[in-house]
1. Around Asn295, under 12 Å between beta carbons, what's the net of Lys plus Arg minus Asp minus Glu among the other residues?
2. Calculated FRET efficiency, His329 and Ala241, Cβ-Cβ r, R0 41 Å, to nearest 0.05?
3. Neighbouring Cβ atoms within 10 Å as the yardstick, rank Val350, Val308, Val226 fewest first.
4. Give, in nm to one decimal, the length gained when the segment between His148 and Ala196 is fully stretched (0.36 nm per residue of separation minus the Cα-Cα distance).
5. Net charge near Ala282: determine it from the other residues with C-beta under 12 Å of the C-beta of Ala282, scoring Lys and Arg +1 and Asp and Glu -1.
6. Based on other C-beta atoms within 10 Å, arrange Thr166, Thr139, Thr257 from fewest to most.
7. What residues from segment 183-221 fall in the zone where the backbone N is under 18 Å from a label point 7 Å along the Cα-to-C-beta line of Leu264?
8. Go through segment 242-247 residue by residue and turn each phi into a ³J(HN,Hα) via Karplus (6.51, -1.76, 1.60, θ = phi - 60°); whole Hz please, and just put x for glycine and proline.
Amino acid sequence: MLTRNPPRRAWRRWQFASALNVAIIPLVLTVAPPAIVSTPLLTFGHPLAPGAHAPHPGAPSPPGSVLTTTTPTSGPTTAQALSPIPHLAVGVERCTFIDDTRSVDDYSTSPATVRSRHRTLLTEIRYPIAANAHSGEETPNGAPLTRHGGYPVIVFAHGYDVTPDTYAALLDEWTRAGYVVVAPFFPDEKSSAVAAQHGANTEGDLANEPGDLAFVTRRVLQASRVATPGCPLVHGLVNGAHIALAGHSDGANAVATLAYDTGLDPQGVPYSRLDAGLSVQAIVILSGQEEAARNYAAGPRPVPLLVVQSRDDQCNSPTSAVTLYRDIHQSDKWFLELQSAHHLPPYDGVDKAAFRVVVATTVRFLAISLHLARLPTSAIALADQSPSIARMYHDAQGPSLAHLPVFTGVCGMN
């Protein structure tokens, strides 16, 4: 359970008109002036040669190099540069999985003294479908666009007092980039459960959520392997060899706990064993932190890590995100520092400028980390001549903690 901040209430509406200038650096930050990027960072549409590997995020850059991703004021717009793969749209299926393998505390009661012998996990699954002139933003139970070998999968954990649909803009972008996105509704942290409890602190349910993520991942892989009446559209869609875990806020904490906590879950099982046998190849932490009084460390086989955090986030402190980043002692880690965004808008699409950076950066990171042959865009074009709003760090320490805005620790709706 979180003790550093009050219970998190998602920020919903905070929009500003800044455009974008991102510097990706190995050690020392330099903000370059707007310039045309003549060579794409990554090329889409050309499979790797047999036996070749995609360039890895941890590959060293030339000493002192600065990679800027900007667009000129004339020519293609940022929206055009970041457009999704043209032939993919988004289908959505809801499946219900019941976990009766563990007994958990029920945090919908106050105090949480009731033991529940099962967890009912409604799960929203986004998957690629063929786009046409009538395709909307999402098509419930649309006919899947099958692919030989299946699609890589992103398992996403939502934050406190929201649902996966809060992040529909981001999850849809990932789906259009060629992923199946699996997002469970956490029983005591989803918005309907929080509202129903009239002030009971259901945030303690976070302790159960790493187990939820592992369980749902296995059930989706099973539904992909074997046709299942309760989840039929997933059949044959998922490539279980390419799995990424991602989450925002409390969901990011759950992902970090599953990936890095060296202790035991509430059932006495080491967190490090919960995802045993799952081919997790990337971790994405969006405005997350370590749980209090826990120890975090990279596992024996570290996978690439991307942390995204804003300096102006008043719900999850930049200090806590940097602490998590620094405690994971591995070379293959990245920290995207948003300069003036808030807690939720970079991920729900309300802050359009920051959202474009998050989409482009996560899509690129996932494509390389999962060793995919195809990448979702011909270039990452993120900026014009307006001031910088994001910087990427690739070193042991991440951003400086000097001169941070005063942190209030107040989460709320706005």
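1. -3
2. 0.95
3. Val226, Val350, Val308
4. Stretched out fully, the His148 to Ala196 stretch lengthens by 12.9 nm.
5. Result for the local shell: +1.
6. Values: Thr166 20, Thr139 16, Thr257 25.
Placing the least packed residue first, the sequence is Thr139, Thr166, Thr257.
7. Flagged as within label range: 207-211.
8. Using θ = phi - 60°, the values come out as 10, 10, 10, 10, 9, x Hz.
We did not get these values from a lab; they are worked out from the coordinates using the rules stated. As the structure is a prediction and not an experimental result, all values here were calculated from the model. Here Cβ is always computed from backbone atoms with ideal geometry, including for glycine, and neighbour counts include all displayed protein chains.
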